[in-house]
Amino acid sequence: MSRIFVIANQKGGVGKTTTTVNLAAALAMHGKRTLLVDLDPQGNATMGSGINKRTLEGSVYQVLIGAAAAANVSRHSDAGYDVLPANRELAGAEVELVGLENRETRLKQALEATGDAYDFILIDCPPSLSMLTLNGFCAAHGVIIPMQCEYYALEGLADLVNTIKRVHANFNTNLRVIGLLRVMFDARVTLANQVSAQLEQHFGDKVFRTVIPRNVRLAEAPSYGKPGVVFDPSSKGSRAYLAFGAELIERVETLIR
Ligand code: ADP
Ligand code: MG
C-alpha cells in the first residue's frame, strides 16, 4: 500500500515545495517508487521537477474534476519519481469543485486508483486552507510540517494543528501529524536555536531529528529544473534532505509495525 503524506503549512515561503521536491527525489534515490502530486496552481513543484507547466497535456486539474485518471496525466521526472503536475488551470478547480459530489475526497479517490504503483505519494499544497488543501488532507495518512524556527512559528503551528484536528474529526480519521521538520535553519541565530529547543520540548519525538540548513544550492536548483539533491548532491542542504528521506522511511516502518 502506498503511504500518502501531505506537506502542509498555511504560510507561504516556508519551504513546502522545496521539501516536497527534495524528499521525492531522496525517496527515489533510496529506491522507493514515489509520486509527487502538485496541488498548487503556481506549479512550482512541477517546474522544480523539470516538467514544463506551460506545455502540459493534462494536469491534476483534470483528475480532480474526474476528466482523467492520475496514471494518464502523470509524467516521469528525470529526478527518478513521477509527477502529477499542476499549472494555473488548477485555480479554477477551487470554484468547480464546489458544485461536484464528494468535493473533498476527489483526490483521495484518484490516488486510490493508482493501487500498488507507489511506495510513497507526496502532496505539495498551496499556502492557505483551500478546497485544494482540504483534498490533500483527505487523501493523506499523515502531515509533514516544514517550519522555520522564528518567533511567530509556534503561533502558526497551533492554528495548523487545530485545522488538522478538525479535518481528522470531520473527514479523515486516518490523518495524523507525522512530524515537524525544521527547515532553512541557521545555527548562528540565537532565536532559531531557542525556538528549535522549544519545539523539541513541546512536541518531543514528533520533531524530526534531521534539520535542513539554509543553503543557497537548494534555492538555485529550481532554476535548473532539478531538485537540490540531484543538482548538487554533496551540498549541505542536499545531504540533509537525503538524511531526512532515510529518517522518514525509518519512521514510517515503525508506525506500521
Ligand atoms: P513554499 O512552498 O512554502 O512557499 P518554497 O519551498 O517555495 O516555500 O521556499 C521559499 C523560498 O525559499 C524559495 O525561494 C526556496 O528556494 C527558498 N528555500 C527553501 N528552502 C531553503 C533552504 N533550506 N535554504 C535556502 N533557501 C531555501
Ligand atoms: Mg510552494
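Coordinate-derived values only; no laboratory data. Everything quoted here is computed from the prediction, not taken from an experiment. Glycine gets a Cβ as well: all are built from the backbone with ideal geometry, and neighbour counts include every protein chain shown.
For the pair H30 and N170 in one chain, pulling the backbone fully straight at 0.36 nm per residue adds 46.9 nm over the alpha carbon distance. For region 161-186, backbone nitrogen atoms closer than 16 Å to the point 7 Å from R251 Cα along Cα-to-C-beta are found at 161, 175-185. Shown in residue order for region 165-171 are the 3J(HN,Hα) couplings computed by the Karplus curve 6.51 cos²θ - 1.76 cosθ + 1.60 at θ = phi - 60°: 4, 5, 5, 4, 6, 9, 10 Hz (x for Gly and Pro). Which percent of the Cα-Cα distances in region 31-137 go past 21 Å? Counting every Cα pair in region 31-137, those more than 21 Å apart make up 26 percent. Using the Cβ-Cβ distance between E89 and A219 with R0 set to 30 Å, the FRET efficiency works out to roughly 0.65. The local environment of L56, defined by Cβ-Cβ distances under 11 Å, has a net charge of +1 under the rule Lys, Arg +1 and Asp, Glu -1. Taking the square roots of 5 times each eigenvalue of the Cα gyration tensor of region 110-149, largest first, gives ellipsoid semi-axes of 21, 14, 7 Å. For the chain, the tally of Lys pairs with Cα-Cα distances below 28 Å comes to 26, considering only residues 8 or more apart or on different chains.
Extension gain, Y152 to T105, is 13.7 nm, computed as 0.36 nm per intervening residue step minus the present C-alpha separation. Shown in residue order for region 96-107 are the 3J(HN,Hα) couplings computed by the Karplus curve 6.51 cos²θ - 1.76 cosθ + 1.60 at θ = phi - 60°: 5, 4, 4, x, 9, 5, 6, 4, 7, 10, 5, 5 Hz (x for Gly and Pro). Note on the chain: Rg/Rh from C-alpha atoms, Kirkwood Rh, equals 0.94. Once backbone amide H atoms are built at 1.01 Å from N, Y81 has no partners under 5 Å, excluding neighbours fewer than 5 places away on the same chain. Quick one: angle between helix 236-256 and the longest Cα principal axis of the chain, in degrees between 0 and 90, rounded to 10, please. The angle comes out at about 70 degrees.
If you take all other residues with their beta carbon under 14 Å from the beta carbon of F120, and give Lys and Arg +1 and Asp and Glu -1, the sum is -3. Listed values for region 213-230 are Karplus-derived 3J(HN,Hα) couplings in whole Hz (6.51 cos²θ - 1.76 cosθ + 1.60, θ = phi - 60°), namely x, 5, 8, 5, 5, 5, 7, 7, 4, x, 6, 9, x, 9, x, x, 5, 9, and x replaces Gly and Pro.
Taken over region 136-257, the convex hull of the Cα atoms encloses 121 Å³ per residue.
In plain terms, the chain from R209 to E112 could stretch by 31.8 nm, reckoned as 0.36 nm per residue minus the Cα-Cα distance.
Averaged over residues, the count of other Cβ atoms within 10 Å places the peptides 194-205, 126-137, 97-108 in the sequence 126-137, 97-108, 194-205, highest first.
Amide H contacts of R3 (H built 1.01 Å from N, in plane; Pro and chain starts excluded): F120, I121 sit under 5 Å, all sequence-distant by 5 or more or on other chains.
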